[in-house]
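What follows is a single structure, written as structure tokens, with notes after it.
The values are calculated or read from the model by the stated rules, or taken from the named source; none is laboratory data. Just so you know, these numbers come straight off a predicted model, no measurement behind them. Here Cβ is always computed from backbone atoms with ideal geometry, including for glycine, and neighbour counts include all displayed protein chains.
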Amino acid sequence: MTRSVNIYEVAEAAGVSIATVSNTLNRPARVAADTRERVMQTIDRLGFVPHYIAAHRARTTLDRIGVIAPFTSYSSFGVRLEGILRALRDTGKEVLVFDHESAARTPSPLLSSLPLSGRLDALIIMGVPVDQALAERLQERRLPTVLIDSHHSLFTNVVVNDERGGYLAGRHLIEKGLEHFLYVSEGQLSSDYVSQGQRRTAGFMRAIIDAGYPRERVKRITVSSDSLGGRMAAEQLLATRGHALGILAHHDLIAAGMVATLRQSGASVPGDFSIVGYDGGPIAESFGLTTVRQPLEHSGFLGAQHLLRLMNDSTEPSQQIAVSVELIEGNTT
């Protein structure tokens with residue numbers, strides 16, 4: 001029987017401490033990129049598997065599919081996960097779920113290492129950009145991988161047409177007679193990737209420009225990505241109220257916070273402010289939001305289906321799968 005490699009041997013071979021190896025696997029943002037890459041290459045070369053994973057693998061013969069996404073940052077990824085689980089329900093696969101920090105909230109957003117080295121048979125990455133070194137390592141390991149709401153040319157990608165969504169929101173507000181506009185989002189700290197927010201902003205801006213308005217008619221407010229952020233944005237608007245304003249919020253939770261605060265203050269929504277959210281689902285329905293609805297569960301289902309095909313046939317070619325969005329008019333515009 002082949003002897004198991006331990007963490008001390010990995011640290012020695014990579015020329016780092018065992019704490020650095022641990023951080024590389026579990027808290028990669030704390031490790032410099034070049035060191036992280038060296039450690040991951042050593043782990044792959046030696047075939048290191050953490051002891052708790054080895055014990056788990058000894059207890060099961062099921063195929064293990066890892067799903068990585070910023071679950072605690074955005075509720076939309078929980079809905080996508082429902083679609084993944086539905087697609088895998090009768091397959092006998094084991095699904096391991098891993099939370100990842102929001103790419104927008106970190107200066108090092110690219111997924112460069114996995115907290116699950118050596119323990120997976122396939123992988124789904126949602127909403128997290130992947131760096132080139134990790135992409136090549138996944139290819140070398142022949143680990144079937146599908147990206148959802150993210151993109152890399154080496155893999156099958158299931159992506160939402162966010163630029164189209166932004167355009168639909170902008171055009172809808174223009175058709176409602178608005179002439180001044182605002183995009184409200186969390187912003188992002190890094191320019192190393194093109195985010196969903198950037199694509200939505202580009203589409204929103206294009207709609208305004210196509211209608212003959214100058215770019216200066218579109219302003220932006222950056223807030224936290226939750227209902228509190230929406231309330232804070234609303235308070236800013238109330239303090240500087242001017243023209244009637246057409247607003248696109250990055251997602252429905254921000255939009256809901258804005259609507260609640262503005263209406264509580266006596267402002268009219270729609271009227272003084274017309275607000276479009278993004279995602280669709282229970283929050284939009286509860287607040288009667290006008291929203292850009294994206295097929296969240298369906299995108300997860302499609303991604304899992306394609307992963308199963310890839311697991312059954314490694315020659316399955318990578319694909320770019322676009323899912324459409326639609327604008328649903330509620331009572332906030």
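Name every residue in the range 64-81 that is of a type in the set (A, V, I, L, M) and assigned to a helix (DSSP H, G or I), in order of residue number.
Filtering the range 64-81 down to residues of a type in the set (A, V, I, L, M) leaves 65, 67-69, 79, 81.
Hits for the range 64-81 are VAL79, LEU81.
Being over 18 Å from THR290 (Cβ atoms) and of a type in the set (A, V, I, L, M, F, W, C) is the filter here, so list the residues in the range 219-251 that pass it. Write out each step before concluding.
Just the residues of the range 219-251 that are over 18 Å from THR290 (Cβ atoms), to begin with: 219-226, 228-229, 231-232, 235-236, 238-243.
Within the range 219-251, ILE221, VAL223, LEU228, MET232, LEU238, ALA239 meet the criteria.
Yes or no, residue by residue, for (1) surrounded by fewer than 21 Cβ atoms within 10 Å (Cβ to Cβ); (2) at pLDDT 85 or above; (3) not aliphatic (A, V, I, L, M):
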| residue | (1), (2), (3) |
| --- | --- |
| TYR52 | yes, no, yes |
| THR60 | yes, no, yes |
| ARG64 | yes, yes, yes |
| THR72 | yes, yes, yes |
| PHE77 | no, yes, yes |
| LEU85 | yes, yes, no |
| ARG89 | yes, yes, yes |
| LEU96 | yes, yes, no |
| GLU101 | yes, no, yes |
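From (1) modelled with pLDDT under 95; (2) part of a helix (DSSP H, G or I); (3) of a type in the set (Phe, Trp, Tyr), pick out the condition that doesn't hold for TYR193.
Here TYR193 meets the rest and fails (2).
Report whether or not GLU285 is surrounded by fewer than 22 Cβ atoms within 10 Å (Cβ to Cβ), modelled with pLDDT of 95 or more and not assigned by TED's automatic domain parsing to the domain that holds ILE148. Spell out the reasoning first.
Values: surrounded by fewer than 22 Cβ atoms within 10 Å (Cβ to Cβ): yes; modelled with pLDDT of 95 or more: no; not assigned by TED's automatic domain parsing to the domain that holds ILE148: yes.
Spelling it out, it is not the case that GLU285 is surrounded by fewer than 22 Cβ atoms within 10 Å (Cβ to Cβ), modelled with pLDDT of 95 or more and not assigned by TED's automatic domain parsing to the domain that holds ILE148.
Among (1) outside the structural domain of ALA260 (by TED's automatic domain parsing); (2) surrounded by fewer than 23 Cβ atoms within 10 Å (Cβ to Cβ); (3) modelled with pLDDT of 95 or more; (4) touching a helix residue (DSSP H, G or I) at 6+ places or on another chain (Cβ under 7 Å), there is one condition SER274 misses while meeting the rest; what is its number?
Only one criterion is unmet by SER274, namely (1).
Contact list please: Cβ distance under 7 Å, first residue in the range 115-138 and closer than 17 Å to GLY47 by Cα and assigned to a helix (DSSP H, G or I), second residue at pLDDT 85 or above and polar (S, T, N, Q), pairs at least six apart or on different chains.
As it stands, the answer is LEU138/THR145, since those pairs meet every condition given.
What is the number of the single condition among (1) in contact with a helix residue (DSSP H, G or I) (Cβ under 6 Å, 6 or more places away or on another chain); (2) outside any strand (DSSP E or B) that VAL292 does not meet?
Going through (1) in contact with a helix residue (DSSP H, G or I) (Cβ under 6 Å, 6 or more places away or on another chain); (2) outside any strand (DSSP E or B) one by one, VAL292 breaks only (2).
Scan (1) in contact with a helix residue (DSSP H, G or I) (Cβ under 8 Å, 6 or more places away or on another chain); (2) at pLDDT 95 or above; (3) more than 25 Å from MET258 (Cβ to Cβ) for the single condition GLY212 breaks and write down its number.
(1)
Check the range 1-19 and report whether any residue there is at pLDDT 85 or above and closer than 30 Å to SER195 by Cα. If you could, list the steps in order and put the result at the bottom.
Within the range 1-19, the subset at pLDDT 85 or above is 9-17.
Still in the running and closer than 30 Å to SER195 by Cα: none.
No - not one qualifying residue is present in the range 1-19.
One residue is enough: does the range 158-169 have a residue meeting the conditions surrounded by fewer than 21 Cβ atoms within 10 Å (Cβ to Cβ), in a strand (DSSP E or B) and either under 18 Å from the mean Cα position of the chain (by Cα) or outside the structural domain of GLU316 (by TED's automatic domain parsing) (or both)?
yes
Provide a single number: the residues in the range 200-255 that are of a type in the set (Asp, Glu) and either farther than 15 Å from GLY166 by Cα or not assigned by TED's automatic domain parsing to the domain that holds VAL269 (or both). It would help to see each step written out before you state the result.
Within the range 200-255, the first condition is being of a type in the set (Asp, Glu), and the residues that meet it are 210, 216, 226, 235, 252.
Then keep just the ones that are either farther than 15 Å from GLY166 by Cα or not assigned by TED's automatic domain parsing to the domain that holds VAL269 (or both); that gives 216, 226, 235.
Residues in the range 200-255 being of a type in the set (Asp, Glu) and either farther than 15 Å from GLY166 by Cα or not assigned by TED's automatic domain parsing to the domain that holds VAL269 (or both): 3 in total.
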